[in-house]
1. Among 40-49, 61-70, how do they line up by average Cβ neighbours within 10 Å per residue, starting with the highest?
2. With a cut-off of 8 Å between alpha carbons and a minimum separation of six or more residues, what is the relative contact order of the chain in percent?
3. Would you kindly calculate the mean projected area, averaged across all directions, of the convex hull enclosing the Cα atoms of the stretch 45-103, in square nanometres?
4. Please give, to one decimal in nm, the separation of the simple spin-label points placed at residue 14 and residue 135, each 7 Å out from Cα toward the Cβ.
5. If amide hydrogens are placed 1.01 Å from N in the peptide plane, which non-local residues have theirs closer than 5 Å to the one on residue 139?
6. Gain in length, residue 39 to residue 184, computed as 0.36 nm per residue apart minus the alpha-carbon separation, to one decimal in nm?
7. Return the calculated 222 nm mean residue ellipticity for the chain, to the nearest 500 deg cm²/dmol, obtained by summing -39500 (n - 2.57) across DSSP H runs with n ≥ 4 and dividing by the residue count.
8. Give me the extension gain from residue 79 to residue 153: residue separation times 0.36 nm, minus the current Cα-Cα distance, reported in nm with one decimal.
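What follows is calculated from the coordinates using simple rules that are stated; it is not laboratory data. Since the structure is predicted, the reported quantities are computational estimates derived from the model, not experimental observations. FYI the Cβ positions are ideal-geometry reconstructions off the backbone, even for glycines, and counts take in every protein chain you see.
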Amino acid sequence: MWIVKLGGSLAHDLRLVPWLAMLAELGGGRVTIVPGGGMFADAVRASQRHWHFADLPAHNMAVLAMAQTAHLFHAMEPRLTLATDEAGIRRALHAGQPALWLPFMLLRDAPDLLTSWEVTSDSLALWLARLLNAERLVVVKACSVPEGSTFAQLGAQGVLDNRFEEWSREAPFPIEVVACEALQHVRDALLGGSSSFVPPVALARVIASRSGGQGGPRPRRKPAT
């Protein structure tokens, strides 16, 4: 199974349309799409700056922002199947459909490692990939991604969030960060198998450390209480 994270910044970009169509056509039974928060998350940031409330409610509001983007994606491409949790995602994939994640399982009643602006939908896609034992994570960006960039460099440039590089170290699957112009590369890989994907940008394959390392929070199947 592949996790494909579509950046929320694509919500105003015409290039989103062929991405959604391609994933709907080729992702059945194989792809789970993680939506970014985009303009909806930007509204949360602006509200927090104005009212100065804590990061926990801001996190929950940002999760709901991702859900709004998911509904936008679904409105644009109804062939994607909305799924709120692990069981729903697996049901959709088992039925031969591409899954579109509504991330309500990330809502929290108490702070934890996820409830910080250092963790955005990029790292949450990584969290889900680990939960589902994905075979690959592809993070699609509307901005340019310089060829050969490392995750640390992309984090310093603001392309990835501040936790992604650290948490990616334990990922037992390859991770690609690609610009949205890489649609044909991803399409070819889905048609021909993951071995045919030669990513034009950042790539990492890190085998999980037996010692535990610093790979981020262990995915939980229930919200924090």
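1. On the way: 40-49: 15.8, 61-70: 22.6.
Ranking, from highest mean packing down: 61-70, 40-49.
2. On the way: 425 pairs, mean separation 51.2, N = 225.
Worked out over the chain, it gives 23 percent.
3. Working: hull surface 18.0 nm².
Averaged projected area of the stretch 45-103's Cα convex hull equals 4.5 nm².
4. Once both label points are built, they end up 3.5 nm from each other.
5. Correct list: 5, 176, 177, 178.
6. On the way: separation 145, 0.36 × 145 = 52.20 nm, distance 2.63 nm.
My answer for the length gained is 49.6 nm.
7. Result for the chain, helices only: -12000 deg cm²/dmol.
8. On the way: separation 74, 0.36 × 74 = 26.64 nm, distance 3.58 nm.
Separation in residues times 0.36 nm, less the Cα-Cα distance, equals 23.1 nm.
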